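The values are calculated or read from the model by the stated rules, or taken from the named source; none is laboratory data. Note that the coordinates shown come from a computational prediction; the quantities given were computed from them, not determined experimentally. Cβ placement follows ideal geometry from the backbone for every residue including glycine, while neighbour counts extend to all protein chains displayed.
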Amino acid sequence: MDEQPASPQEPGGGLDRRAELSEFLRTRRARLKPEDVGLPVYGRHRRVPGLRREELAQLAGVSVAYYTRLEQGNGRNVSAEVLDSIARALRLSNAEHAHLTHLAKPTQHKKKPAARQQQVRPALRYLLDSIETVPAYISGRRSDILAWNRMAAAVFGDWAELPPQERNWARLVFLRPEYRELFREWDQKAYDIVSFLRMDAGCHPDDPLLSALVGELSVKSEEFRRLWATHDVKEKTYGVKPLRHPLVGDLSLSFESFQLADGSEQNLITYHAEPGSPSADALRLLASWGTDATRAGTGATHP
C-alpha cells in the first residue's frame, strides 16, 4: 500500500501554509466542547466533534464568515488583536499562540535561508569539550544534532559514527529501534520531538529540508504520521528523562535546554543527575570509563 506524507507540500518543496493554518485551527476547535467554554449544549447529537465554527466565532467576537475564511487558510490581513481573541477562545497555550501567529502572519517574520548548513561557533565547541562530567550537546533546526561532548556520546551513543544527515533526533527516535530501548518513556520522547518539529514548521514552512524530513518519516513510521496529524505544539525547556543505558542500566537525568541568543536557532541541552543518587554514580562511572563507554554507546547508533 502506498503511503502519503501527512502534510501537503507546495511546489517549491515546503509545507502548504494555508493547509497548515487550516488544520491547526480545526484540530484546536475539535478538542473543545461547549461545556468547556460555558456555552449551552443544544441537542444530544452533534455532527462535528468539539465546537462549531459559529460557536468559536461567537467566543472570539468575530463574524462566522470571517472565522470561516481564516480556518480555510486565508490569514491574509488578519490583525494581531483578532488572533489574540481566537487564541483565547481556543484556550491556546503560549506555544500554540506563537504557532498560530507564525502560520497566519508569516510576512511579519524575516525570511531566512532555510536550507543553509547550520554552523556551531568554535567557542561553543570548546565549551562543550570543557564540560567533562555532564552530558551536553547543541541541537538546531529540524531537531538536528550539531555538536556534543564525550559524556553525551557515552550516554546517547557516538553520533560521530553516523553520517551527518542521520544525526537528527526525529530520525533516531522513529527509525532506530535501539532508541526505544534507550528511552524508557519512548512515547513521551516521540511526542516531544514531533511537537518541536511542528513549531519549526510554523516558523519555516518553506524549508524544503524540513518538508523532506516530514515526508520521509510519514512514509516510514505510522507512529510519526499519527502524532504529526494531531498538530500539537509545545515548548519543553526542562524536565526529567528516564533512560536505560546498555552499560549502567536505568538512569534518571534532569535536562535543561538553553536557547542561544545569537539568532542561530540553536539550543544547548545539558543532563545532570541528583547529587548522591544512583544515576549520579552511574554518570561518574561512565566518565571514568572514557572512550570505552563511548564505544559501548555506539551500539545505540549503528545500523
| message | Taking the conditions exactly as written (modelled with pLDDT of 90 or more, under 18 Å from VAL233 (Cβ atoms), outside any loop (DSSP other than H, G, I, E, B) and not polar (S, T, N, Q)), does GLU96 satisfy them or not? | response | yes
| Near pairs, Cβ below 6 angstrom, 6+ apart or cross-chain, from the stretch 219-247 (of a type in the set (Ser, Thr, Tyr)) to any residue that is at pLDDT 95 or above | SER221/PHE174; THR237/SER257; TYR238/GLU256
| query | Do you know which residues across the stretch 244-282 are under 18 Å from LEU128 (Cα atoms), of a type in the set (Asp, Glu) and assigned to a loop (DSSP other than H, G, I, E, B)? | reply | ASP262, GLU265
| field | The lone exception for GLU71 - which of (1) in contact with a Pro (Cβ under 9 Å, 6 or more places away or on another chain); (2) within 20 Å of PRO34 (Cα to Cα); (3) of a type in the set (Asp, Glu) it fails | value | (1)
| query | If you scan the stretch 60-86, which residues turn out to be buried (at least 21 other Cβ atoms within 10 Å of the Cβ) and aliphatic (A, V, I, L, M)? | reply | LEU70, ILE86
| Quick check: is even one residue across the stretch 154-175 farther than 30 Å from LEU21 by Cα, in contact with a helix residue (DSSP H, G or I) (Cβ under 7 Å, 6 or more places away or on another chain), modelled with pLDDT of 95 or more and part of a strand (DSSP E or B)? | no
| query | Within the stretch 177-211, restricting attention to residues that are over 18 Å from ASP144 (Cβ atoms) and free of Cβ contacts under 8 Å to residues at least 60 places away in the same chain, which residue is nearest to the chain's Cα centre (by Cα)? | reply | TYR191
| remark: Restricting the stretch 126-153 to residues that are charged (D, E, K, R) and either in contact with a helix residue (DSSP H, G or I) (Cβ under 7 Å, 6 or more places away or on another chain) or at pLDDT below 95 (or both), the one farthest from PHE196 (Cα to Cα) turns out to be GLU132
| query | For the stretch 176-195, which residues satisfy the criterion of being among the basic types (Lys, Arg), assigned to a loop (DSSP other than H, G, I, E, B) and over 14 Å from LEU217 (Cα atoms)? | reply | ARG184
| message | Based on this model, can you work out whether LEU162 counts as touching a Gly at 6+ places or on another chain (Cβ under 6 Å) and closer than 22 Å to ALA212 by Cβ? | response | no
| field | ARG121 being over 17 Å from LEU213 (Cβ atoms), of a type in the set (Lys, Arg) and touching a residue at least 12 places away in the same chain (Cβ under 8 Å) | value | yes
| query | Residues GLY38, GLY43, GLY61: which one is modelled with pLDDT of 80 or more, more than 21 Å from the chain's Cα centre (by Cα) and at positive phi? | reply | GLY61
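For every residue, the table says whether it meets (1) loosely packed, with under 15 Cβ neighbours inside 10 Å; (2) at pLDDT 90 or above; (3) not aromatic (Phe, Trp, Tyr).
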{"site": "GLU216", "(1), (2), (3)": "no, yes, yes"}
{"site": "LYS220", "(1), (2), (3)": "yes, yes, yes"}
{"site": "ALA229", "(1), (2), (3)": "yes, yes, yes"}
{"site": "VAL248", "(1), (2), (3)": "no, yes, yes"}
{"site": "GLY263", "(1), (2), (3)": "yes, no, yes"}
{"site": "ILE269", "(1), (2), (3)": "no, yes, yes"}
{"site": "ALA273", "(1), (2), (3)": "no, yes, yes"}
{"site": "GLY276", "(1), (2), (3)": "yes, yes, yes"}
{"site": "ALA282", "(1), (2), (3)": "no, yes, yes"}
